[in-house]
Structure formats: structure tokens, C-alpha cells
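Heads up: the structure comes next, in C-alpha cells.
The values are calculated or read from the model by the stated rules, or taken from the named source; none is laboratory data. The structure presented is a predicted model; accordingly, all values stated were derived computationally and were not measured. So basically every Cβ, Gly included, is an ideal-geometry build from the backbone, and we count neighbours across all protein chains shown. Keep in mind that these areas ignore ligands, DNA and RNA; they rest on the heavy atoms of the full protein, side chains included. Shrake-Rupley method; radii C 1.70, N 1.55, O 1.52, S 1.80 Å.
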Amino acid sequence: MTLKKYNKTNFHKHTFCEFMEVDISSIPSIEWHYISKSGSGYYFTDEGVYRISNHWGRAANCRWRLISSSNSKINNSQIRTGFAKWTDFYPNNETENFFYVEVNFDTSEVNFQHKNNPKYDEKAVLRNASETAKVIRQIKEILESDAWAKHLDVEDLEVLRKEIIWKLITTNTSLQTIKKDLY
């Protein structure tokens, strides 16, 4: 399978990408090549694109995440700058099974990733965008609440929590069925 090549003419059309945050002061004076209607600036290089924006996540028909080395939460009121290589862009649409869910149990963070990500180990089930969002909501409920376990006699709730989440990530078994098997 050949991967589509992205560049300054097509990176903004139905793509998923993780931009790495950069300090704007570390970039020599930039004259932005393009400013979008929403005010985001783009500067193109042979290697990739810089984006300065106050909105990350969903951008038109794209899903663009900003990865920050700082601990401050990415919110859509601060202007932040990110850089992505052209090879970091992957196709995105609502219907194809492009996405998988990953969980960091240490921080209780749940996120989705693209199947073309080099870290994908093929253990997680691939889903379309809406199915992925549903599984993420269910996993957050399991992580953030104990209400789902109130009728269970469990010695170690954390072990059970991880087991349920692992099943949600690696199988197509519904949360209802997973819970039913516990009772």
C-alpha cells in the first residue's frame, strides 16, 4: 500500500496530524505564507509546515492535535505554534476505520491515534471516528468513576478497570457485554 504524499497543496484536506509545539521565538522572523479565514497562519518548508493558531483539535475537515512539552493544557484561547513534517499527515474521514484508542493509565488520559502512526502495534481495534469517540467516552467513564462497579464484589478495582479498558481497546465487545460477564 502506498501512502499518499502530503505537501502545502493538500495537507489541509481531510487529514489527521500531530503537530509538535515549538517556541515561536526560536523561529527566525517568519512571514506567514497563508492566513486562514479563522486567523491561523501557515509557513511552509520543504520538510513540513508551521501552524500558529488558537484552535487545535478539529480544524474544518481535519483532526490536528498539538503535542506540547509543557504541562499546560492545550485550550482554544491561547495562540500556540506547532510544526509537522509532511510525513506526519495521514488521511482522515468519518467512515473508514482509521483510528485506535490508547490509554495512559498513569495520567488517566485517553486519546485516539491514526493507524498509520508508526507506534501502532496492531493490537487495538481500528474504528471509524464516531465509534472511536464512543469507546473513548466509555473508557473515561470507567477511569473517572466507580459507579459502574457498585454492584461488584471486587478485591482490586484498578486491576478490573484495566482489564475492562483493555477489552474495550482490543475487541469489538460492547461495554454492556463486558459488564454483563462480570456479574
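Being out of contact with any Ser or Thr (no Cβ under 8 Å at 6 or more places or on another chain), in contact (Cβ under 8 Å) with a residue 40 or more places away in the chain and not in a helix (DSSP H, G or I), is that true of even one residue in region 85-100? For region 85-100, residues out of contact with any Ser or Thr (no Cβ under 8 Å at 6 or more places or on another chain), in contact (Cβ under 8 Å) with a residue 40 or more places away in the chain and not in a helix (DSSP H, G or I): present. Checking each residue of region 106-122 against the condition of being over 30 Å from TYR6 (Cβ atoms) and over 16 Å from the mean Cα position of the chain (by Cα) gives at least one match. Annotation: of all residues in region 100-124 being in contact with a helix residue (DSSP H, G or I) (Cβ under 6 Å, 6 or more places away or on another chain) and open to solvent by less than 30 Å² (accessible area, probe 1.4 Å), the one that is nearest to PHE89 (Cα to Cα) is VAL101.
Can ILE67 be described as open to solvent by less than 50 Å² (accessible area, probe 1.4 Å), aliphatic (A, V, I, L, M) and at negative phi?
Working: open to solvent by less than 50 Å² (accessible area, probe 1.4 Å): no; aliphatic (A, V, I, L, M): yes; at negative phi: yes.
The answer is no for ILE67.
Filter region 12-41 for residues that are assigned to a loop (DSSP other than H, G, I, E, B) and aliphatic (A, V, I, L, M); which is surrounded by the most Cβ atoms within 10 Å (Cβ to Cβ)? Give the steps one after another, and end with the answer.
Taking region 12-41 first, the residues assigned to a loop (DSSP other than H, G, I, E, B) are 12-14, 22-23, 27-33, 36-40.
Among the residues that remain, those that are also aliphatic (A, V, I, L, M) are: 22, 27, 30.
Numbers: VAL22: 17, ILE27: 13, ILE30: 13.
So the residue we want is VAL22.
Out of all the residues in region 125-147, which are of a type outside the set (Asp, Glu) and open to solvent by 80 Å² or more (accessible area, probe 1.4 Å)? Of everything in region 125-147, those that are of a type outside the set (Asp, Glu) and open to solvent by 80 Å² or more (accessible area, probe 1.4 Å) turn out to be LYS134, ARG137, LYS140.
Within region 132-183, which residues are outside any helix (DSSP H, G or I) and either touching a Pro at 6+ places or on another chain (Cβ under 8 Å) or closer than 18 Å to ASP106 by Cβ (or both)?
Answer for region 132-183, where residues must be outside any helix (DSSP H, G or I) and either touching a Pro at 6+ places or on another chain (Cβ under 8 Å) or closer than 18 Å to ASP106 by Cβ (or both): just ASP156.
For region 44-52, the count of residues that are open to solvent by 40 Å² or more (accessible area, probe 1.4 Å), among the polar types (S, T, N, Q) and more than 16 Å from the chain's Cα centre (by Cα) is at least one.
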